[in-house]
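The values are calculated or read from the model by the stated rules, or taken from the named source; none is laboratory data. From a predicted model like this one, the values you see are computed outputs, not experimental measurements. All Cβ positions, glycine included, derive from the backbone under ideal geometry; neighbour counts span all protein chains shown.
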Amino acid sequence: MTEVLTMSVTAILVVLLSFYLTVGSVHSQGSPHDSFIIQYLERRLSQMEERMNQCEQKTVGVTQKTYDLSSEIRGYLSTLNVVRSEVQSEMDSVSARVDRVERELEYLENKIPTQTDIEMEEALLEQQIKAAELDLLKKKAKIRVEKDCSIGLSQIKSLKIVKKAGDTYGSWFKDPSQGSAKVYLLSGISNNTLLEYDSLHSFIESNTTTPVKVLQLPFHWIGTGQVVYNGFLYYHKADTPNQILKVDLLNGTVVDSTLVPGAGRLPVYSLNPNTYLDVAVDELGLWVIHADPEYGGNLVITKLDKGAFLICGTLYVVYNTRYGGRSTIQCLYDIHDIIHSDESPVMFFPKRYTSHSSIHYHPGDKQLYAWDDGYQTIYKVETRRNDQVTEE
């Protein structure tokens, strides 16, 4: 716009200059009247030139103001774009939050049950409670039947030599807990290393590729009267006369201990002088056997957990001799006072090497796990009702 005005003013000045030159030429040749006109035109031309200069100055000022205004407007537009972007971002965030709230409300509406659903769930809960109570009664009845021991030992039926491992004296057995197939081996009369096998087959094949789990106990044992019951090892703590430890085999920590009154002064069995406490398991739970000098050195049976070898609360004593021969069962003690030693027949083991350092009865397998002069041996036993035993 400024360039157009400048060009127009220039053109006018050129025209006036041409006119001025023409008038000057006429003035040099014309009359006094013409001279007056020329003077008048010169004044007008000077005035016009002055106005044109003022107009040009004003045009330049307006142009500068227009440029300044345009720059300011561009700044406002840039700020407006930034604000618009921020507002759009906030609107998007608010929209996302609204969508999330709507989804959560819909989820909660679906989760909140109707009154009919609540009534159905209450009825189902009552049925489940009744079924659980009935199942508990059945289990209690089953437990009463299982605990109602009415069987006794009739004979040692068979012999199976599993393998030879460890020292001359030791102990090996299975955990008689329901569903457990693990086998444990404790070699020696005093040690703190327990070997755990996944099964009897794993124990038999342990010399080849089958892995064995080695457990280091927190304290040494003494003797060969140990058992594993419900995942806990019970054993006589070395350097104590009558303390039995209960060790959790999952983490190797002592979870409980007990002192057996009167124990620790006499060995339980004469041919095993290092065993002062013999722990055993039968159908009725966990027991400890020891000899007490206050009772003439006779054996004392103590119940450790409600949950030698015992069968249904009857202690069977195995007799060995130092000169070989077959082991026999010649005496027993029945806590129910149904079977008496003088009425029970003498039973023989199929074979014996030197002496049994330990014998453990498994109530589930109806087998004896014996340590016989370093050989791990299994004896299959037969049982009969107690009334049949007493009749013979």
> Tell me, which residue of region 239-277 that is touching a Pro at 6+ places or on another chain (Cβ under 6 Å) and assigned to a strand (DSSP E or B) is surrounded by the fewest Cβ atoms within 10 Å (Cβ to Cβ)?
Replying inline: VAL254
>> Quick check on TYR184: is it within 29 Å of the chain's Cα centre (by Cα), under 16 Å from GLY374 (Cα atoms) and crowded, with 19+ Cβ neighbours inside 10 Å?
In response: yes
>> Taking the condition of being out of contact with any strand residue (DSSP E or B) (no Cβ under 8 Å at 6 or more places or on another chain), closer than 30 Å to ASN298 by Cα and of a type in the set (Ser, Thr, Tyr), how many residues in region 206-263 meet it?
In response: 1
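So if I check each of TYR169, TYR197, which one is within 19 Å of GLN226 (Cβ to Cβ), modelled with pLDDT under 95, under 36 Å from the mean Cα position of the chain (by Cα) and aromatic (Phe, Trp, Tyr)?
Among TYR169, TYR197, only TYR197 is within 19 Å of GLN226 (Cβ to Cβ), modelled with pLDDT under 95, under 36 Å from the mean Cα position of the chain (by Cα) and aromatic (Phe, Trp, Tyr).
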>> Which count do you get for residues in region 336-390 that are part of a strand (DSSP E or B), at pLDDT below 80 and out of contact with any Ser or Thr (no Cβ under 9 Å at 6 or more places or on another chain)?
In response: 0
> What residue, of ILE189, ILE204, ILE156, ILE161, is within 20 Å of THR383 (Cβ to Cβ) and of a type in the set (A, V, I, L, M)?
Replying inline: ILE156
> Which one of GLN64, GLN29, GLN47 is on the phi < 0 side of the Ramachandran plot and at pLDDT below 85?
Replying inline: GLN29
> Does region 214-238 hold any residues that are within 21 Å of LYS164 (Cβ to Cβ) and surrounded by fewer than 15 Cβ atoms within 10 Å (Cβ to Cβ), and which are they?
Replying inline: VAL214
> Taking region 278-299 only, how many residues are more than 15 Å from ILE359 (Cβ to Cβ), surrounded by 18 or more Cβ atoms within 10 Å (Cβ to Cβ) and modelled with pLDDT under 90?
Replying inline: 2
> So, in region 302-333, of the ones that are farther than 15 Å from LEU271 by Cα and among the charged types (D, E, K, R), which residue ends up modelled with the lowest pLDDT?
Replying inline: LYS306
